[in-house]
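Report on the structure given below.
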Amino acid sequence: MNNGFKVLLAIGASVAIGAAIGVLYAPDEGYETRKKMIKRGKKLVGAVNDSLDEGKESLEEIKDVLQKQLHKVNRKMEELKF
């Protein structure tokens, strides 16, 4: 298993446990509780998506830097071949 999957699994488990505890101790009626849980779930999904987007951007930047470095290395190798 990769680390990203482990993190998402941990987040999912935390959300499920938190939701269960919230339902057990909720002072609101069932409808209001479900409404709040849906709202919080949507916020969590948004936060996860934002984090994934930031991660993708970071990986793209790293990829660009590595490609430039590889290009430089290839040029140097060609120069050394005479």
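The values are calculated or read from the model by the stated rules, or taken from the named source; none is laboratory data. The structure displayed is predicted, hence computed values, not measured ones. Using ideal geometry, Cβ is built from the backbone for each residue, glycine included, and neighbour counts are taken over all protein chains shown. The accessibility values were calculated without ligands, DNA or RNA, using every heavy atom of the protein model including side chains. Shrake-Rupley method; radii C 1.70, N 1.55, O 1.52, S 1.80 Å.
Descriptive notes on the structure:
- Subset of segment 37-63 that is basic (Lys, Arg) and more than 12 Å from the chain's Cα centre (by Cα) - its residue that is least open to solvent (accessible area, probe 1.4 Å): 63
- Every condition in (1) under 24 Å from the mean Cα position of the chain (by Cα); (2) surrounded by 10 or more Cβ atoms within 10 Å (Cβ to Cβ) holds for residue 34 except the one numbered (1).
- Any pair with Cβ under 9 angstrom, 6 or more apart, that starts in segment 30-52 at a residue that is within 13 Å of residue 19 (Cα to Cα) and ends at one that is open to solvent by 100 Å² or more (accessible area, probe 1.4 Å): 33/27
- Count of segment 1-31 residues which are assigned to a helix (DSSP H, G or I) and either farther than 22 Å from residue 59 by Cα or open to solvent by less than 70 Å² (accessible area, probe 1.4 Å) (or both): 18
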